[in-house]
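Okay, here's the structure, questions in a sec.
The values are calculated or read from the model by the stated rules, or taken from the named source; none is laboratory data. Computed from a prediction, not measured in an experiment: that's the story for all the values here. With ideal geometry, Cβ positions are generated from the backbone for all residues, glycine too; neighbour counts draw on all protein chains shown.
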Amino acid sequence: MTLNMPISIAAAENAADTTAAWFTLAGALGGVLLTSAVALTTAVLNHRWQTQAADDQGRKERDQQLRQNRREAYARYWSAWNRYIHQLRELQRTALEQQGSGALIPTELIEQTKEAELGWRDGADALFLICGRDVSNAAEAHMEATEARHHGAEQGEWLSGRGTYRRLNDAMREELLELP
């Protein structure tokens, strides 16, 4: 049996209005969901990018500070070493002048040399705290050669550093240029 019921025009218009309302509601909710998803994705990505940018900036600032600290430590080392070498030359010259005479090296010169040596060793301590492996190795060789110079100066001799000055200076320069 077929039901042939005539649908009234009012019922058809009501069904069309209801369908349009549902489609409007679905479109609005879909738009809100899509907009929310895009906003959430953008917020997550922005947070990630900002975190990465902050990490990169922090790394850059640390590298710049490390370079500056190394530059200062290396300059202090060379300044103290130059003062010490000057005192060793004075010691060597005095020891050479007094060889054979039996005269002792003046206490004042010995004290000045000890002060210069302490300054140099303080500079070396700062250097070893902040330097990399290559500078550390070159500094150890340089210090050994400088200590040998001290012993030679006490005998009136001037010993060569055997290129340790140049190797240490080159290692320092390379290390300072190596940092980004």
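Looking at the structure I just gave you, is Ile110 at pLDDT below 95, assigned to a helix (DSSP H, G or I) and either closer than 24 Å to Arg70 by Cβ or β-branched (Val, Ile, Thr) (or both)?
Answer is yes for this residue.
Let's see how each residue does on (1) outside any helix (DSSP H, G or I); (2) among the aliphatic types (A, V, I, L, M); (3) over 26 Å from Glu72 (Cβ atoms); (4) in contact (Cβ under 8 Å) with a residue 24 or more places away in the chain:
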position	(1), (2), (3), (4)
Glu117	no, no, no, yes
Asp125	no, no, no, no
Asp134	no, no, no, yes
Asn137	no, no, no, yes
His142	no, no, no, yes
Gly156	yes, no, yes, yes
Leu159	yes, yes, yes, no
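Let me ask another. Taking the options Thr18, Thr94, Thr35, name whichever one is modelled with pLDDT under 85, surrounded by 10 or more Cβ atoms within 10 Å (Cβ to Cβ) and assigned to a helix (DSSP H, G or I).
It is Thr18.
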